[in-house]
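Just so you know, all these numbers are worked out from the coordinates, no wet-lab data involved. Just so we're clear, the structure is a prediction, and the values are computed from it rather than from any experiment. Methodologically, a virtual Cβ is constructed for each residue, glycine included, from the backbone with ideal geometry; neighbour enumeration extends over all protein chains shown.
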């Protein structure tokens, strides 16, 4: 009689233990591949940004008196349209130019890199389709930011930045 209760209880406990172990392993495997979007940083004027690269770009803009808005939503507005295109890293309102920092394009983790590049290409295509003026900055550009940014800015706007 006692065995009638113990055996089903034993199987129930065993199944629960296996399920818990499976869920724990699955979530730890997923955590390994979760995209990581940089080290949160603070600009020289106290603004929170999502990466050290973005912090360096924001500080560059501030140092060069380039007014910017961080992560302003970009929308396509028209008579029959009003939809979200994206949320670029920086908007330069004096020039109507957006700046994207593609910080994970060279990520070590191939899963992160693959998904990030796919997202980057999709975002770029949306910008082109909607005639959005934007400048791309990559991690390898950060050490030479002044030269790269000025060159890209002049190519895009056909004007030189004021010093």
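Things to note:
- Fewest neighbouring Cβ atoms within 10 Å first, the residues 105, 49 line up as 105, 49.
- The label point for residue 126 and the one for residue 80, both projected 7 Å from the Cα toward the Cβ, are 2.2 nm apart.
- For region 41-157, the square roots of the Cα gyration tensor eigenvalues, ordered a ≥ b ≥ c, give a/c of at least 1.5 with a/b no greater than b/c, which places it in the oblate category.
- Note on residue 17/residue 39: beta-carbon distance plugged into 1/(1 + (r/R0)^6) with R0 of 25 Å gives a FRET efficiency of 0.10.
- Placing a label point 7 Å from the Cα of residue 96 along the Cα-to-Cβ direction, the residues of region 58-79 with a backbone N closer than 18 Å are 67-69, 72-79.
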